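Here is the structure we will look at, set down as structure tokens.
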Amino acid sequence: MSVAAGTVKNGTTLQMRAKRRSLRRVREAPIHAFLFLCAALSILTTAGIVFVLFEETFNFFKEVSLTEFLGGTVWTPTFSQKSFGVLPLFNATIMMALTAMIVAVPLGLLVAIYLSEYAPNGVRQVVKPVLEILAGIPTVVYGYFALHFIAPEMLRPLGQETSFSAASASLAMAIMILPLVSSLSEDAMRAVPQSLREGAYGLGANKFEVATRVVLPGALSGIVAACILATSRAVGETMIVTIAAGGQPNLSWNPLEGMQALTGYIVQVSLGDTEQGGIEYSSIYAVGMLLFLTTLVMNIFAQWFLSRFREEYD
Amino acid sequence: MSAVDATVASRPNRIALRRNLGRLFLALCMAATGLALVILFVLLFSVGADGFGRVSFDFLNSYASRFADQAGIKHALYGTLWLMGFTALFSIPMGFGAAIYLEEFAPRNWLTKAIETNINNLAGVPSIIYGLLGLTIFVRYMDLGRSVLSGSLMMSLLVLPIIIVASREGLRTVPPSIREASLGLGATPWQTVRFQVLPPALPMMMTGVILALSRAIGETAPLITIGALLFVPFTPDGPLSQFTVLPIQIFNWIQRPQPAFAEDAAAGIIVLLALLLSMNAVAIGLRNYFERRRKW
């Protein structure tokens, strides 16, 4: 009796256990679904960005031709005589980003080489996070610094006439992206295996030659990718160029003049009370689209470059 | 013969030249590093000197004003707190969820790969583009107005990639053997994650959250785009209230021509930077504390 009851009892327990286990899995299905949705939200975000930009850009191009937008040299959307040639804004954005890179890349690379090849461990562990503070400072702060320090103290003597200039914005951006260049490049340099350095030393190279002819080429893909990412950051940077470069569209190559960037225009229109539906309103989406595509191409290129030219060690 | 002699004779010279080049290069590298540190110091010092005289309890506890010497940042601090609170509320579950899915549950297929590539690309999208997204979706389509809610939903999307990447790193520090042991004892995948993986990974994930929020605190442009106000003489009283935040108030003061407002801006910057540095300090402290306590 008791034995038989035992088997029955045991049997049900086993069945119940199996049932309970499958039940537990079923009960977990909503959790899995929720987690998947969280991850899929990123796809939705991208789709949302593309949709939002396309919708209003489409409205914009109903009234303005693509050739006028991309080829025109006059940007006067707020005047009664409206003209939508984006070149002054685009030129300003590219010029400021490139100027910032001209300052930040050599400086950042020298810092990276010092930290990766020369600095004692203790120095590196202090200097690197301290420099990364620069990357975490909000961009309004850089805008303030450009307007109240770089422009009056450094650029006035060089001939800047108004308080706004592309150069002051560029220099502030250079400071902002310096840690990006140096940190990412340093990571790439430290990934170059020690054996390569030792091989070069064995052939009689000194430290300078090892750093510039072995480590630098070995880390090149990472360094180039870091530079492209930094440029793309500078292209999308908003507050610095809005505050320091002024709000006047200006097709010029003189960095000591004020000019308006793509992002600066979006902020300018957002600050005013622009009615939705007008051409001025849809123009910020067209400008945003141009900005989005520019940075997207750069980011994709950086990723492609990194995977295509990566030196595989080990 | 003579050519060899010449090479031998010039050898010490060449070695000396190479050595000097090396020294010059090292000097250059050190100068660059020194310059970068000096720039950081000058930046902090010049802003600090401009605004130090204005930082006071009254400054923290007054509203915006037309008079520079009476202006304060109470409304902006409250706005920042409201915005950050809601941003954390939305972005933490979403970010952790996405990280857990990608790290623990995702099958290796094209969809997972697409999501990962997509998150990388989103991290590189300029923040002002998120502003246009928020303006269209949250302010216009969902009709939430230029409110704390719109702002924080937009900000959540903006910081999500940062949280996801940092959380995945945190999850990856838990060795696979722990998961295998838990599964082997009969725990379900979710039980394994919930009771074995999450507890040790949580500190690093929280570090990522703090870093993401410290990025969000300084963001200005996308909030201007969705229409956070430049001049708000009140504190928000609910998620649908209009608001301003600290960096926007600073931007407002920077744009005014009177030098007295520049001082206010600098004082606001001091408060903002103090807030940021303390958040970073907490993040670093948290990470160090738990790294030392880790058992494996």
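The values are calculated or read from the model by the stated rules, or taken from the named source; none is laboratory data. Predicted model only: the values in this text are computed from it and were never measured. No Cβ is skipped: glycine too gets one built from the backbone with ideal geometry, and neighbour counts run over all protein chains shown.
Given B:Leu277, B:Leu272, which one is crowded, with 24+ Cβ neighbours inside 10 Å, at the interface with chain A (Cβ under 10 Å from one of its Cβ atoms), free of Cβ contacts under 8 Å to residues at least 60 places away in the same chain and under 26 Å from B:Asp50 (Cβ atoms)?
Of B:Leu277, B:Leu272, the one residue that is crowded, with 24+ Cβ neighbours inside 10 Å, at the interface with chain A (Cβ under 10 Å from one of its Cβ atoms), free of Cβ contacts under 8 Å to residues at least 60 places away in the same chain and under 26 Å from B:Asp50 (Cβ atoms) is B:Leu272.
Sort out which residues of the stretch A:256-270 are surrounded by fewer than 24 Cβ atoms within 10 Å (Cβ to Cβ) and within 8 Å of another protein chain (Cβ to nearest Cβ), and write them in order of number.
Of everything in the stretch A:256-270, just one residue is surrounded by fewer than 24 Cβ atoms within 10 Å (Cβ to Cβ) and within 8 Å of another protein chain (Cβ to nearest Cβ), namely A:Ser270.
Residue by residue through the stretch A:140-157, note down the ones that are farther than 15 Å from B:Phe45 by Cβ and at the interface with chain B (Cβ under 7 Å from one of its Cβ atoms).
A:Val140, A:Gly143, A:Leu147
Within the group B:Gly72, B:Gly95, B:Gly51, B:Gly85, which residue is part of a helix (DSSP H, G or I) and away from chain A (no Cβ under 12 Å)?
Within the list B:Gly72, B:Gly95, B:Gly51, B:Gly85, the selection yields B:Gly85.
Please determine whether any residue of the stretch A:70-78 is exposed (fewer than 14 other Cβ atoms within 10 Å of the Cβ) and over 30 Å from A:Ser168 (Cα atoms).
No, that holds for no residue.
Just checking: which of the helices (runs of 4 or more DSSP H) contained wholly in the stretch A:45-161 hold 1 or more residues that are closer than 23 Å to B:Thr33 by Cα?
A:87-113, A:121-136, A:139-145
Which residues, counting only those in the stretch A:229-251, are surrounded by fewer than 21 Cβ atoms within 10 Å (Cβ to Cβ) and in contact with a helix residue (DSSP H, G or I) (Cβ under 8 Å, 6 or more places away or on another chain)?
Once the filter is applied, which keeps residues that are surrounded by fewer than 21 Cβ atoms within 10 Å (Cβ to Cβ) and in contact with a helix residue (DSSP H, G or I) (Cβ under 8 Å, 6 or more places away or on another chain), the stretch A:229-251 yields A:Gly247, A:Asn250, A:Leu251.
Which residues, counting only those in the stretch B:33-63, are hydroxyl-bearing (Ser, Thr, Tyr), touching a Phe, Trp or Tyr at 6+ places or on another chain (Cβ under 9 Å) and closer than 17 Å to B:Val271 by Cβ?
Matches in the stretch B:33-63: B:Ser46, B:Tyr63.
It is to be established whether one or more residues within the stretch B:171-180 are within 14 Å of chain A (Cβ to nearest Cβ) and either at negative phi or part of a helix (DSSP H, G or I) (or both).
For the stretch B:171-180, residues within 14 Å of chain A (Cβ to nearest Cβ) and either at negative phi or part of a helix (DSSP H, G or I) (or both): present.
Only one of A:Leu115, A:Leu107 is crowded, with 18+ Cβ neighbours inside 10 Å, within 27 Å of B:Gly48 (Cα to Cα) and facing chain B (nearest Cβ under 8 Å). Can you tell me which?
Within the list A:Leu115, A:Leu107, the selection yields A:Leu107.
Of the numbered conditions (1) outside any helix (DSSP H, G or I); (2) without any contact (Cβ under 8 Å) to a residue 24 or more places away in the chain, A:Val192 satisfies every one except a single condition; which is it?
Exception for A:Val192: condition (2).
Residues checked against (1) crowded, with 24+ Cβ neighbours inside 10 Å; (2) at pLDDT below 95; (3) charged (D, E, K, R):
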{"site": "A:Glu132", "(1), (2), (3)": "no, yes, yes"}
{"site": "A:Ala135", "(1), (2), (3)": "no, yes, no"}
{"site": "A:Leu147", "(1), (2), (3)": "yes, yes, no"}
{"site": "A:Met154", "(1), (2), (3)": "no, yes, no"}
{"site": "A:Pro157", "(1), (2), (3)": "no, yes, no"}
{"site": "A:Gln160", "(1), (2), (3)": "no, yes, no"}
{"site": "A:Ser165", "(1), (2), (3)": "yes, yes, no"}
{"site": "A:Ser170", "(1), (2), (3)": "yes, no, no"}
{"site": "A:Met173", "(1), (2), (3)": "yes, no, no"}
